[in-house]
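Visitor: This is the structure I want to talk about, given as structure tokens.
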Amino acid sequence: MQARLLIGIDIGTSGTKTALYDEHGARLAVHTAEYPLYQPQNGWAEQVPEDWWQATLEGIRAVLEASNCNPSHVVGIGLSGQMHGLVMLDENGQVLRRSIIWCDGRTSEECEEITRLVGADRLMAITKSPALTGFTASKILWVRKHEKEIYDKCRHILLPKDYIRYRLTGIFATDASDASGMQLLNIEARDWSDEVLAALDIDRSLLADVYESCEVTGTITPEIAALTGLSTATVVVGGAGDNAAAAVGCGAVRDGYGFTTIGTSGVVFSHCKELRADPDGRIHSFCAAVPGEYHVMGVTLAAGLSLRWFRDQFCAVEQAEAKERNVDVYARMDEIAADIPIGADRLLFLPYLMGERTPHLDPFARGALLGLSASHTRAHCLRAVMEGVIYSLRDCLSLFDAAGVTAPARMMACGGGAVSPLWRQMLSDVLGCTVCTAASNDGGALGAALLAGVGAGVWASVPDACDAVIRVRTEQSPIEQNQADYEPYYQLYHSVYSALRPVCHTLATLKTSYSEDRT
């Protein structure tokens, strides 16, 4: 019997990661291609779908070449991707504008309109979330209001990973987990809500068909087979939103299993066999990648993004040192932050660089360094940034009780931040739970590949796939003294938002001295 290979493609915000695995889950090759994020105005965020596609093609070719495998042995491709992004295509399948992505905060007026048209209670009952600026529905309304000529040409609305599916297969499809973040899905029914669509006057024909994450949605087209060497028999499954795919990639696919991601955004996640929801909508209740099941998650918008921002703006010296020593710059930053005591000598960072989702639901929240004095150094600020991100994740976890979800006693950690032993120990100390990493840190890419394996018949179910592949690599438990030292800083952090909220909202109304209409 010939070897069966699987590809997982994770369309992220900073880049697309493509990984090739054998049928035992061993990674044979991996490739990441980066691309830019555009911010034409303060609080806006856009990307070019063609950049995702070129990164995908580059990644597929790179992993096939690096592994020296027979491309015809790839039996399945799974897709994972940043959620909520709006991709609009015309009747010929051509992109009409840059994608407005998940961390864009321009649609506060449209959220008010959605709440008025659908009704706050009905919106929560159907979509399990209040109207949020990050979600896709408000973006659709924004384009219709401000760019009517584009909206009138639109014939297909897709999410980022589903645009890649379209380019690979010619099929317009999505999956229930990713569709959960559009605010157009009836979460319990796992299908589009005709009631919400009618209230918002959105034609259902614009939307893709909804599949389960491990269902086959199509196969590779002859054109793509010629470009990549893949077989036209290679199946492409529904895939999943980035966090639902990451759950599969770290084995959090059974009731009560959880994980924490420190990627561009930060997530605290728990799998639930039955649907659970916070009545105030401060955490998300979405369809899981396991057919018929669900998950809850809290999301902080600028986790790894905060550290990347700090790296890019203030760490030129560390980047040069890392290059000279041939080490990762984040490893060098870890060394510096580890020399600073807990609390960063009375310095707090609020990681609200893109507004905030959980627990504040406030697109106008903004970041802050509080307690700065002349004695503080760049290293203190770095430590404060890392701690602030962890405090924001504890804010997320604190809301699980309201949804009737018991916080997991053990969290898997994934995403780029999980590579950092310092950040993982902070996480364990502040959340008060054991933090583990999987033998593979591929997260969404591995999860997508496992979903492809289920669709291609390699495994019978998603839990079976995880049982066959996922192994724990590291485990860190809370340090009692650290917990005591962090606690007063977290409590102060937790209280700061309410004091700064009026300031942030006033800042949002002030004019700047330059035009904000820039790229």
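Visitor: Can you give the convex hull volume of the alpha carbon atoms of region 251-393 per residue, in Å³?
Guide: With only Cα atoms used, region 251-393 gives 132 Å³ per residue.
Visitor: If you don't mind, another one. Taking the C-alpha atoms of region 105-184, how large are the radius of gyration and the largest Cα-Cα span, Dmax, in Å?
Guide: 13.6, 39
Visitor: Could you report the chain's accessible area per residue, 1.4 Å probe, as an integer in Å²?
Guide: Each residue of the chain exposes 38 Å² on average to a 1.4 Å probe.
Visitor: Just report the Cα centroid separation between region 351-375 and region 33-86, whole Å.
Guide: Taking the Cα centre of each part, region 351-375 and region 33-86 sit 30 Å apart.
Visitor: Moving on. What relative contact order, as a whole-number percentage, does region 169-248 give when Cα pairs under 8 Å and 6 or more residues apart are counted?
Guide: 35 percent
Visitor: Could you list, bin by bin from short to long, the percent of Cα-Cα pairs of region 123-231 in 5 Å steps?
Guide: 2, 12, 20, 22, 18, 12, 8, 5, 2, 0
Visitor: Based on the Kirkwood radius over alpha-carbon pairs, what is the Stokes-Einstein translational diffusion coefficient of region 353-410 at 4 °C with 1.567 mPa s viscosity, in µm²/s?
Guide: Details: Rh = 13.5 Å.
It comes out at roughly 96 µm²/s.
Visitor: A331 versus Q481, label points 7 Å from Cα toward the beta carbon: distance in nm?
Guide: Using points 7 Å along Cα→Cβ, the separation is 2.8 nm.
Visitor: Here is a follow-up. Once neighbouring chains are kept in place and the probe is 1.4 Å, which whole percent of the accessible area of the chain is contributed by carbon and sulfur?
Guide: Solvent-exposed carbon and sulfur of the chain make up 49 percent of the total.
Visitor: In square nanometres, what is the average projected area of the Cα convex hull of region 71-110?
Guide: Over every viewing direction, the Cα hull of region 71-110 projects on average to 5.0 nm².
Visitor: P(r) for region 161-215, please, calculated from all Cα pair distances in 10 Å bins and given in %.
Guide: Each 10 Å bin holds this share of Cα pairs: 24, 54, 20, 1.
Visitor: Continuing with the same structure: Would you kindly calculate the mean projected area, averaged across all directions, of the convex hull enclosing the Cα atoms of region 220-334, in square nanometres?
Guide: On the way: hull surface 45.8 nm².
Here the figure is 11.5 nm², rounded to one decimal.
Visitor: Write down Rg/Rh for the chain, rounded to two decimals, with Rg from the C-alpha atoms and Rh from the Kirkwood relation over Cα pairs.
Guide: Reported Rg/Rh (Cα atoms, Kirkwood Rh): 0.95.
Visitor: With label points built 7 Å along Cα→Cβ from the Cα atoms of R471 and R122, find their separation and express it in nm.
Guide: Here the modelled spin labels are 5.4 nm apart.
Visitor: Using the 2.2 N^0.38 Å rule of thumb for compact globular proteins, work out how region 363-454 stacks up: its C-alpha Rg over that value, please.
Guide: Working it through for region 363-454, the quotient is 1.35.
Visitor: If packing is taken as the average count of other Cβ atoms within 10 Å, what order do 264-276, 7-19 fall into, highest mean first?
Guide: Result, highest mean Cβ count within 10 Å first: 7-19, 264-276.
Visitor: Another one. For region 246-383, what relative contact order do you get, as a whole percent, if you take Cα pairs closer than 8 Å and at least 6 residues apart?
Guide: 19 percent
Visitor: Let me ask something else. Across region 126-139, in residue order, what do the Karplus-derived ³J(HN,Hα) couplings come to in whole Hz, using 6.51 cos²θ - 1.76 cosθ + 1.60 with θ = phi - 60° and x for Gly and Pro?
Guide: Ordered by residue, 3J(HN,Hα) equals 8, 9, 6, 8, x, 5, 10, 5, x, 6, 6, 4, 5, 5 Hz.
Visitor: Give me the one-decimal nm value for the distance between modelled label points at E34 and D203, 7 Å along each residue's Cα-to-Cβ direction.
Guide: Between E34 and D203, the label points sit 4.1 nm apart.
Visitor: Using the 2.2 N^0.38 Å rule of thumb for compact globular proteins, work out how region 469-509 stacks up: its C-alpha Rg over that value, please. Working shown, then result.
Guide: Working: Rg = 18.3 Å, N = 41, 2.2 N^0.38 = 9.0 Å.
Its radius of gyration relative to the 2.2 N^0.38 Å reference: 2.03.
Visitor: Quick one: compute the contact order of the chain, relative version, from alpha carbon pairs under 8 angstrom and 6+ residues apart, as a percent.
Guide: Reported as a whole number, the value is 17 percent.
Visitor: Take every Cα-Cα distance within region 394-519, group them into 5 Å bins from 0 onward, and report for each bin the whole-number percent of pairs it holds.
Guide: Final binned percentages: 2, 8, 12, 13, 14, 13, 11, 10, 8, 6, 3, 1, 0.
Visitor: Per the Debye formula with a single identical scatterer at each Cα and no solvent contribution, what log10 I(q)/I(0) holds for region 1-107 at q = 0.09, 0.12 Å⁻¹?
Guide: -0.29, -0.48
Visitor: Report, in deg cm²/dmol and to the nearest 500, the calculated mean residue ellipticity at 222 nm for the chain, where each DSSP H run with n ≥ 4 adds -39500 (n - 2.57) and the sum is divided by the residue count.
Guide: -12000 deg cm²/dmol
Visitor: For region 406-470, treating each Cα as an identical point scatterer without solvent, what Debye log10 I(q)/I(0) comes out at q = 0.13, 0.28 1/Å?
Guide: Calculated log10 I(q)/I(0) at the listed q: -0.44, -1.12.
Visitor: What is the Cα convex hull volume of region 46-96 when expressed per residue in Å³?
Guide: 117 Å³
Visitor: Now a separate question. Given a cut-off of 24 Å, name the pairs among K148/K511; K139/K161; K139/K273 whose C-alpha atoms lie farther apart than that in the structure shown.
Guide: From the list (K148/K511; K139/K161; K139/K273), the Cα-Cα distance tops 24 Å for K148/K511; K139/K273.
Visitor: Let me ask you something else. For region 432-506, what is the Kirkwood estimate of the hydrodynamic radius, computed as the reciprocal of the mean inverse distance between distinct Cα atoms, to one decimal in Å?
Guide: Taking the inverse mean of 1/r over all distinct Cα pairs, region 432-506 comes out at 16.3 Å.
Visitor: So, one more: For W192, list long-range residues whose amide hydrogen, built 1.01 Å from N in the peptide plane, is under 5 Å from its own amide hydrogen.
Guide: For W192, the qualifying residues are N186.
Visitor: Rounded, prolate or oblate: pick one for region 26-165, where a ≥ b ≥ c are the square roots of the eigenvalues of its C-alpha gyration tensor, a/c under 1.5 means rounded, and failing that, prolate if a/b is larger than b/c, else oblate. Before the final figure, lay out each step's value.
Guide: Values: a/c = 2.35, a/b = 1.98, b/c = 1.19.
Because a/c hits 1.5 or more and a/b exceeds b/c, region 26-165 counts as prolate.
Visitor: In cubic angstrom, how much convex hull volume per residue do the alpha carbon atoms of region 297-337 span? Provide the component values of the computation, followed by the final result.
Guide: Working: hull volume 3.1 nm³, N = 41.
Per residue, the Cα convex hull of region 297-337 comes to 76 Å³.
Visitor: Order these peptides, 101-109, 204-212, 309-317, by their mean beta-carbon neighbour count within 10 angstrom, highest first.
Guide: 101-109, 204-212, 309-317
The values are calculated or read from the model by the stated rules, or taken from the named source; none is laboratory data. Source: prediction; values computed, not measured. Glycine also receives a Cβ, built like all others from the backbone with ideal geometry; neighbour counts cover every protein chain displayed. The accessibility values were calculated without ligands, DNA or RNA, using every heavy atom of the protein model including side chains. Shrake-Rupley method; radii C 1.70, N 1.55, O 1.52, S 1.80 Å.
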